Amino acid sequence: MKIVICGAGLVGAGIAAYLAEEHNDVTVIDASAEKIQRVTDQVDVHGVVGTASYPDILSEAGARDAELLIAVTESDEVNMVACQVAHTIFNTPVKIARIRHQPYLDPIYGDLYAPDQLPIDHIISPEAEVSAAVGNQIRVPGAFDVKDMCGGKMNLVGVQCTEESPILDTPIRHLTNLFPDLSMTILAIIRDGKLILPRDGAEMMAAGDRVYFVCDSTHLSRAMATFAHEEPEARSVVIAGGGAIGQMLATKIETNFQNTKVQIIERNASRARALAEVLRGSGVLNGDALDSSILAEAGVHTTEAFVSVTDDDEVNILSALLAKRNGAMHAVALVNTPGFIPLVSALGVDAVINPSQITVSSILEHVRRGKIRDVHPVVEDLGEVIEAEALPSSLLVGKSLREAKIPKGVAIGGIMRGDEVIPARGDTVIEAGDTVAIFAARGRIPLVEKMLSVRLDFF
């Protein structure tokens, strides 16, 4: 596939790396020659230096032959105009734009993006995606990663094994006998930065492992209990950072979480006053999240969840550590710098939210071939969990999973059939039309895409 990516920042470079790895023809545009040099040195892509909305620059990047344009520059306006130019001049079939400023996203202005106006096929809002991810962390504080699948009827959960976990040193195939009524499937184990996919059920989990599992959403509490994580939904939340993400998160909590108290710490005085006028159900403090007295005033010593979403990674990490030290039960930090992510958990922060990774996953669900409905990268970019429809021609259909010859690096986690969640077992048979949760290790996505749509003789 010929793809043009506008923007070589963290998101643009990240999506370029994914797509180039899968042998797509990718060209990246950015006004910064330094960024273009960096991305072309690291990834097998073409680079063009210039403003991504200019027709001559898009033409040089090959927009006339492109099947897809992804606009993720730092400017909403450049992203929107790039999509307009790609549509009007180059007839680019699919156009995706990242739009961050909320006035552009207000539903009352939805007609702006009609095909005869600003023809953007898919809009990505990082703030909304990050707010949803943090909301899930508050709902399931014992997990480091939570994703709703199949319209919320299935959950993908990442959880860390502790010494208290009752299922340590137990072969995974025995879990069905131990918990016969629990609809849960272990998808992947991450140990010392390495990925383990259970294939024969002989694998055992150990303390310190990070485990991804899929379960029926009605079984989530029981599934967490098997890992000795029975933390209740947070009823008190302190948010450090009152920017767009902080405000959106507070609004989400006020709307969707009953009896949950919210305190926001915002360093800018005028911004704090504005928040206090808008968020009638939340408390707002003007101060520094690294100031212990401000943390104490916000009630960090008794809070169940501390969430740091300022625009400074160091502040987010340090304030989360301070909050934990001062008594917060669960701490979540927003971290933009990929190199920091593997270190943060080791320091004691319970969960890390990476906006770039979340935005990349939102884009990938519109890029993947076949009936793929959602994509969620796992920690450290070791793989992805895909929600996809099983087509009648798929090699998965009509055979038990034991007979389906699932490629190495791929695992089936759960099946949604109608309103029923079916855990993946060796004798499970997938039917056409089922929605399937599939884990694919990094670099194995093309196999999954073909596995979902072609017959067994492909392999």
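The values are calculated or read from the model by the stated rules, or taken from the named source; none is laboratory data. As the structure is a prediction and not an experimental result, all values here were calculated from the model. Methodologically, a virtual Cβ is constructed for each residue, glycine included, from the backbone with ideal geometry; neighbour enumeration extends over all protein chains shown. With ligands, DNA and RNA removed, areas are computed over all heavy atoms of the protein, side chains included. Shrake-Rupley method; radii C 1.70, N 1.55, O 1.52, S 1.80 Å.
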> Tally Lys and Arg at +1 and Asp and Glu at -1 over the other residues with C-beta under 12 Å from the C-beta of S319: what net charge comes out?
Replying inline: -2
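Let me check something: with ligands and nucleic acids excluded, how do R417, R222, R325 order by accessible area (1.4 Å probe), largest to smallest? Before the final figure, lay out the partial values.
Details: R417 70, R222 115, R325 205 Å².
In descending accessible area the options line up as R325, R222, R417.
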> Do you know the relative contact order of the chain, to the nearest whole percent, from alpha carbon pairs under 8 angstrom that are 6+ apart?
Replying inline: 11 percent
> Between Q117, V81, A71, whose Cα lies farthest towards the positive end of the dipole of segment 29-169 when Lys and Arg beta carbons carry +1 and Asp and Glu beta carbons carry -1, centred on the Cα centre?
Replying inline: Q117
> Considering only protein heavy atoms, what per residue accessible area in square angstrom results for segment 393-432 with a 1.4 angstrom probe?
Replying inline: 45 Å²
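From the Cα gyration tensor of segment 171-308, with a ≥ b ≥ c the square roots of its eigenvalues, which class applies: rounded if a/c is under 1.5, or else prolate if a/b is larger than b/c, or else oblate?
prolate
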> What accessible area per residue comes out for segment 175-322, rounded to a whole number of Å², with a 1.4 Å probe?
Replying inline: 45 Å²
>> If you take every residue apart from G426 with its C-beta less than 14 Å away from the C-beta of G426, what net charge results, scoring Lys and Arg +1 and Asp and Glu -1?
In response: +3
> How far apart, in nm, are two points set 7 Å out from the Cα along the Cα-to-Cβ line at S293 and at K2?
Replying inline: 6.4 nm
> In sequence order, what are the phi-derived ³J(HN,Hα) couplings for segment 28-44 according to the Karplus relation 6.51 cos²θ - 1.76 cosθ + 1.60 with θ = phi - 60°, rounded to whole Hz, with x for glycine and proline?
Replying inline: 10, 10, 7, 6, 9, 5, 5, 5, 5, 4, 5, 5, 6, 6, 8, 10, 7
>> Please list, ordered by chain and number, the residues whose modelled amide H lies under 5 Å from the amide H of A188; skip anything fewer than 5 residues away on the same chain.
In response: Y212
>> Give me the dipole magnitude in Debye, nearest 20, for segment 166-261 about the Cα centre, with unit charges on the beta carbon: positive for Lys and Arg, negative for Asp and Glu.
In response: 220 debye
>> I'd like to know how the chain sits against the 2.2 N^0.38 Å rule of thumb: what's its Cα Rg over that expected value?
In response: 1.00
> Just how large is the dipole of segment 41-194 about the Cα centre, in debye to the nearest 20, putting +1 at every Lys and Arg Cβ and -1 at every Asp and Glu Cβ?
Replying inline: 480 debye
> Tally Lys and Arg at +1 and Asp and Glu at -1 over the other residues with C-beta under 15 Å from the C-beta of R38: what net charge comes out?
Replying inline: -3
>> Just to check I understand the Karplus step: with θ = phi - 60° and J = 6.51 cos²θ - 1.76 cosθ + 1.60, what whole-Hz values come out for segment 315-328, glycine and proline as x?
In response: 4, 4, 5, 5, 5, 5, 5, 4, 4, 4, 5, 8, x, 4
> Expressed as a whole number of Å, what is the distance separating the alpha-carbon centroids of segment 31-104 and segment 269-290?
Replying inline: 37 Å
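With contacts defined as alpha carbon pairs under 8 Å and 6 or more residues apart, what's the relative contact order of segment 1-147 in percent?
Here the relative contact order equals 19 percent.
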>> Rounded, prolate or oblate, given the Cα gyration tensor of segment 19-67, with a/c below 1.5 counting as rounded?
In response: oblate
> If you average the sequence gap of Cα pairs under 8 Å that are 6 or more apart and divide by the length of segment 49-91, what percent do you get for the contact order?
Replying inline: 48 percent
>> Give me the dipole magnitude in Debye, nearest 20, for segment 111-212 about the Cα centre, with unit charges on the beta carbon: positive for Lys and Arg, negative for Asp and Glu.
In response: 320 debye
> Regarding segment 313-448, what whole-number volume in Å³ per residue does the convex hull of its Cα atoms give?
Replying inline: 130 Å³
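Using a/c under 1.5 as the rounded threshold, could you call segment 12-164 rounded, prolate or oblate? The axes a ≥ b ≥ c are square roots of the C-alpha gyration tensor eigenvalues, and prolate needs a/b larger than b/c, oblate otherwise.
Cα axes put segment 12-164 in the oblate bin.
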> In the structure displayed, which of K95/K261; K35/K450; K95/K450 lie more than 29 Å apart, Cα to Cα?
Replying inline: K95/K261; K35/K450
> So how far apart, in nm, are the two label points at T255 and R273 if each is 7 Å from Cα heading toward Cβ?
Replying inline: 2.8 nm
>> On a straight-distance basis, which lysines could pair with K153 in a cross-link, Cα separation under 23 angstrom, same-chain partners fewer than 8 positions away excluded?
In response: K252, K371
> Hey, if we sort H101, H219, H23 by accessible area with the 1.4 Å probe, largest down, what's the order?
Replying inline: H23, H101, H219
> So what is the calculated 222 nm ellipticity per residue for the chain, using -39500 (n - 2.57) for each DSSP H run with n of 4 or more, over all residues, to the nearest 500 deg cm²/dmol?
Replying inline: -8500 deg cm²/dmol
> Which three extents, in whole angstrom, do the alpha-carbon atoms of segment 106-196 cover along their principal axes, largest first?
Replying inline: 59, 27, 25
>> 7 Å from Cα along Cα→Cβ at both A225 and V429: what's the point-to-point distance in nm?
In response: 3.4 nm
